[in-house]
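I have placed the structure first, in the form of structure tokens, so that the comments after it can refer back to it.
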Ligand code: FES
Ligand code: FES
């Protein structure tokens with residue numbers, strides 16, 4: 001009898017919710033300290049806690065690239081990134097890409113507009129953040145390279161030719177095309 005009460009007690013303890021964890025991130029140049037549940041994704045933190053809704057939730061399973069942001073300068077799918085694992089990291093979203101100046105445009109943003117590189121625009125923030133990471137990687141030299149290295153970013157509107165042209169132009173403008 002005593003042991004069954006003990007078993008019920010330990011089951012109840014194991015079902016208790018883990019405590020929220022305090023983390024500090026630099027988001028678009030601003031230090032943000034938040035208390036987050038261990039299962040909170042970086043995507044949900046950005047959208048639901050910081051109101052940075054430029055980053056989009058498409059599949060929520062790492063398959064579409066709509067949620068791409070820069071984390072310590074590298075592109076990541078924020079839907080697959082647990083926020084608590086990135087304490088101390090620097091995050092740049094589409095809102096901060098032009099150095100946080102709301103009136104300024106990053107060369108990629110200008111090029112996407114000039115090349116009509118979107119239709120509905122839902123994939124565009126992820127495309128642009130991914131392209132910024134791609135240019136920083138310095139691995140893309142040709143249009144075929146861009147197509148391959150951007151293959152994690154899906155555009156259901158099929159704006160791919162214009163997206164590649166826009167990225168090529170931005171690479172030229174940024175001196176990243178070789
Ligand atoms: S929402 Fe993250 S990859 Fe689709
Ligand atoms: S512009 Fe509509 S999904 Fe890419």
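Values as computed for the structure displayed
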read-out	value
Residue 46 being outside any loop (DSSP other than H, G, I, E, B), touching a strand residue (DSSP E or B) at 6+ places or on another chain (Cβ under 9 Å) and closer than 27 Å to residue 148 by Cβ	no
Some residue of segment 107-120 being without any contact (Cβ under 8 Å) to a residue 12 or more places away in the chain and within 15 Å of ligand 2 (Cβ to nearest atom)	yes
Residue match in segment 50-68 (condition: within 12 Å of ligand 1 (Cβ to nearest atom), outside the structural domain of residue 123 (by TED's automatic domain parsing) and outside any loop (DSSP other than H, G, I, E, B))	yes
Qualifying residue in segment 76-92 (condition: under 20 Å from residue 138 (Cα atoms), exposed (fewer than 14 other Cβ atoms within 10 Å of the Cβ) and in contact with a strand residue (DSSP E or B) (Cβ under 7 Å, 6 or more places away or on another chain))	no
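The values are calculated or read from the model by the stated rules, or taken from the named source; none is laboratory data. If you're wondering where the values come from, they're calculated on a predicted model, not measured in any experiment. FYI the Cβ positions are ideal-geometry reconstructions off the backbone, even for glycines, and counts take in every protein chain you see.
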